[in-house]
Every structure is written in C-alpha cells, then in structure tokens.
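To keep things clear, I will list the structure first and then write my remarks on it.
The values are calculated or read from the model by the stated rules, or taken from the named source; none is laboratory data. Because the structure is a prediction, the values reported are computed rather than measured. Glycine gets a Cβ as well: all are built from the backbone with ideal geometry, and neighbour counts include every protein chain shown.
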Amino acid sequence: MTEDSRPLAAALTAFADEHPLPDAPAQQMFRTLLPDALMKATSRQADGTYFVATGDIPAMWLRDATFQVLPYVQLIKDVPDLKPILEGVLRRELAFVQLDPYANAFNQTANAAHWRDDDETNISVSPQVWERKFEIDTLCAPLLLVLRLHTETGDAALFDATFWETFAVILDIFEQEQHHEQSPYFFRRRDTAANDTLPNNGYGTPVAYTGLIWDGFRPSDNRCEYGYHIPANLFAKTVLKGLLPLIPANHQSLAARAQTLVTAIERGIAKYAIKTLPSGDQGLAYEVDGLGRTRFMDDANVPSLLSLPFLGAIAADDPIYLATKTFILSRQNPYYYQGEALAGIGSEHTPPEYVWPIAVAMAGLVAESKTEKA
C-alpha cells in the first residue's frame with residue numbers, strides 16, 4: 001500500500017464498519033478484505049491506467065480483472081475515490097484489447113514473459129502478452145465493466161473515441177469468429193495435456209455455421225470440446241444488447257453491426273443450444289458444434305450456465321434456466337461434487353471431487369430464496 005492509497009483504504013474500511021455483517025468473524029474478514037482485495041491486486045501505471053494482477057500468476061486476465069473490481073462499482077457513490085481506479089482498469093483493458101484481441105492474459109510490462117515460450121499461433125506473440133488463448137469472455141469483460149460503471153455514475157465520458165475504436169475491434173473479432181473456418185487464428189501447445197491446446201492442428205474441432213461466435217477456450221482456460229461455448233455467447237449477446245441504446249448517432253454503423261450480432265446469437269441459441277437435458281427437461285447445453293454434437297455440463301468459472309442471471313443474460317425464474325440449474329447442480333453434471341462438508345461445481349481445470357469456491361459463491365448470488373442462499 002502506498003502513501004497515496006491510504007485515504008482510499010481508510011474510506012473502504014469505514015464503509016465496512018458502517019455496514020456490519022451479523023457475524024463477528026465475517027465482519028472482521030469483510031473489514032480486512034474490502035480494502036486489501038483492491039489495494040493488493042491493482043497498481044497504477046505511468047499512463048494513469050490500472051493493472052490488475054489475477055492473484056497467483058503475475059498477469060492480468062481481462063475477465064478476471066473485471067470480476068475482481070465489479071463489487072466496488074456499486075460503492076462509488078459512498079467512496080468517490082474508487083472512480084478513477086475503476087475507470088483506469090477499464091482503460092487498461094481497452095488498451096490490451098487493442099494490443100491483441102485474441103490474447104487472454106497480459107503482462108504489466110513488455111517483459112516477454114509467457115506461460116509457455118513455445119506456443120504456436122498465427123502471429124508473433126507480443127512481449128506484453130502472457131498467453132494467447134482466444135476466449136470470448138476476454139472481449140466481453142470491458143463491455144460489462146463500462147456498462148456497470150455507466151449505470152452507477154451516468155458518466156458519458158466513458159464512451160470516448162478510444163472506447164468506440166476498441167468496440168469496433170471487438171465487433172471485428174466476433175464477426176470473424178462466426179465464420180471460424182475463415183479465421184487465421186490457431187493455437188498449438190506441444191507436449192501438454194489435450195485440454196490445454198486446440199486439436200485439428202490448432203484450429204479446434206470442426207463446427208458448422210450457427211450464427212454463434214466460435215470460442216477456443218473456456219473461462220477455465222481449458223479448450224472448448226465443441227466450438228460454440230453457450231455461456232460465453234449469452235454473455236456476448238447481453239453486453240452487446242446493453243450497449244445498443246448508448247451508441248451515439250455518429251457510430252450507427254457500429255450499432256447496426258452489434259444488432260446483427262445480437263440477432264444472430266439469439267437465433268443460434270434458440271436453434272442449437274436449447275436441448276433435451278439428460279434429466280429429460282428442456283434446458284441449455286454448455287457447448288455445441290452445429291453439427292449435432294453437444295456437451296451437457298457446467299464449469300465453475302464465469303461465464304457459466306449457473307451465472308447467467310448474475311450476468312443479466314436470463315431471468316432467474318426462466319423455466320429454461322431453472323431446468324438447466326437443476327441439472328447442473330446435480331450428479332448428472334460431471335463436474336458437480338457433493339461431500340460431507342461441501343457441495344458444488346468444480347472444473348476440468350482442477351482435480352476430481354474438488355469444488356471451486358467461485359461456483360459456491362455464484363450459487364448464492366443467483367439463489368432466489370434465503371433457504372437456497374444458506
């Protein structure tokens with residue numbers, strides 16, 4: 001913590017004191033973590049933007065960064081000093097998207113540090129890119145953050161020329177990956193687990209056109225078994241739809257492109273993603289390929305099927321969602337685990353029978369009743 005950050009830390013601690021939790025140990029944890037989680041993860045850059053370290057790795061995942069700071073957005077009115085930091089995170093995300101929209105994680109500086117130095121992809125990897133796995137949620141992350149910031153502050157200055165330039169880049173990639181067979185992107189990692197690289201010489205398993213956006217890797221950073229990741233597509237549809245009324249008159253070509261994408265995704269979801277679940281009910285698949293193959297499961301990492309109401313992608317009481325939720329919170333989901341102390345969703349990314357806390361927290365966030373939240 002720097003001298004300059006002490007007033008903000010004090011303000012966050014004061015906020016925690018003014019909003020005590022009923023349980024004393026939980027309140028003490030809240031009081032400690034509210035400032036610490038922000039102060040220890042963020043660092044101001046020379047250009048005024050803020051880098052957000054993901055935690056156990058010295059790199060910034062745009063998806064992780066958005067979700068790390070999202071809880072603080074709703075505190076801006078009470079703690080105004082949060083605003084420049086959160087806007088600085090947004091600006092850093094936009095800069096990284098412009099640097100490489102196919103990358104999922106970035107270094108704080110151009111230090112040429114990479115998860116693997118021998119990854120093969122269609123361009124030379126930037127020295128500021130940590131890893132170049134294409135994930136739809138990477139490009140959705142700054143869009144969600146700007147929408148939440150605008151909702152909280154009403155600040156139209158968020159939507160400056162840089163934002164719309166970056167939005168155009170995002171639309172370019174989404175449109176390109178609706179036709180992945182024409183995309184130059186590939187990712188190959190030698191001598192690794194099968195789920196850490198893309199098959200078919202790095203291009204992924206074959207897909208048919210569906211109107212959906214092709215995705216290389218899940219939010220867990222494991223590869224998509226089938227190329228259309230349904231939670232990520234619904235995430236993309238939601239943030240694009242949210243931006244539509246905010247696109248100014250001088251950028252109506254962007255609005256038209258975004259609306260076309262939204263319509264295509266909605267049609268693709270209706271035609272290819274709503275399936276008969278193993279439970280016998282109609283619900284959402286996790287992945288499809290448009291060729292008839294379907295993956296029924298859910299993974300702890302967000303965007304997930306479980307998280308869709310949290311993302312604003314579907315109503316929590318929607319019958320399709322409720323059937324999907326019942327399925328994924330059962331043993332029929334291959335990554336749902338239940339033990340004496342804990343039950344919840346894990347991931348291919350972690351060992352079997354390990355529940356990931358993200359999924360436990362998300363189950364509480366999307367719960368409709370106090371009994372379910374407990």
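Details
- Meets criteria (in contact (Cβ under 8 Å) with a residue 40 or more places away in the chain and small (Gly, Ala, Ser)) for residue 105: yes
- When residue 332 is tested against the conditions (1) in contact with a Pro (Cβ under 9 Å, 6 or more places away or on another chain); (2) of a type outside the set (Asp, Glu); (3) part of a helix (DSSP H, G or I), the lone failure is (3).
- Matching option when the condition is at pLDDT 95 or above, surrounded by fewer than 17 Cβ atoms within 10 Å (Cβ to Cβ) and within 21 Å of residue 168 (Cβ to Cβ), among 122, 104: 122
- Filter result for residue 261 (over 22 Å from residue 223 (Cα atoms), at pLDDT 95 or above and not in a strand (DSSP E or B)): yes
- Of the helices (runs of 4 or more DSSP H) entirely within the range 127-223, those holding at least 2 residues that are at positive phi occupy 199-202.
- Every residue from the range 307-347 that is over 26 Å from residue 239 (Cα atoms), surrounded by fewer than 18 Cβ atoms within 10 Å (Cβ to Cβ) and touching a residue at least 12 places away in the same chain (Cβ under 8 Å): 330, 332, 334, 339, 342, 343
- For the range 348-374, a residue qualifies if it is surrounded by 14 or more Cβ atoms within 10 Å (Cβ to Cβ) and farther than 13 Å from residue 307 by Cα, and the qualifying residues are 348, 349, 350, 354, 355, 356.
- Residues located in the range 146-174, provided they are surrounded by 18 or more Cβ atoms within 10 Å (Cβ to Cβ) and of a type in the set (Val, Ile, Thr): 146, 166, 170, 173
- Single unsatisfied condition, residue 96 versus (1) closer than 17 Å to residue 43 by Cβ; (2) touching a residue at least 40 places away in the same chain (Cβ under 8 Å); (3) part of a helix (DSSP H, G or I): (2)
- Lone qualifier among 188, 132 - being surrounded by fewer than 19 Cβ atoms within 10 Å (Cβ to Cβ), closer than 17 Å to residue 104 by Cβ, basic (Lys, Arg) and touching a residue at least 24 places away in the same chain (Cβ under 8 Å): 188
- Set side by side, the residues 70, 86, 90, 75 differ, and just one is outside any helix (DSSP H, G or I), in contact (Cβ under 8 Å) with a residue 24 or more places away in the chain and either charged (D, E, K, R) or closer than 27 Å to residue 361 by Cα (or both), which is 75.
- The set of residues in the range 36-66 being assigned to a helix (DSSP H, G or I) and either among the hydroxyl-bearing types (Ser, Thr, Tyr) or surrounded by fewer than 18 Cβ atoms within 10 Å (Cβ to Cβ) (or both) consists of 36, 37, 39, 66.
- Residue tally, condition surrounded by 21 or more Cβ atoms within 10 Å (Cβ to Cβ) and either part of a helix (DSSP H, G or I) or of a type in the set (Val, Ile, Thr) (or both), over the range 271-285: 2
- Total residues in the range 325-374, condition among the hydrophobic types (A, V, I, L, M, F, W, C) and at pLDDT below 90: 2
- Scanning the range 10-38 for residues that are of a type in the set (Gly, Ala, Ser) and closer than 13 Å to residue 75 by Cα yields 11, 14, 16.
- Hey, residue 258 farther than 20 Å from residue 207 by Cα and in contact with a helix residue (DSSP H, G or I) (Cβ under 9 Å, 6 or more places away or on another chain) or not: yes
- Of the residues making up the range 194-239, those that are out of contact with any Asp or Glu (no Cβ under 8 Å at 6 or more places or on another chain) and aromatic (Phe, Trp, Tyr) number 2.
- Filter pass, residue 291 being out of contact with any strand residue (DSSP E or B) (no Cβ under 7 Å at 6 or more places or on another chain) and assigned to a helix (DSSP H, G or I): no
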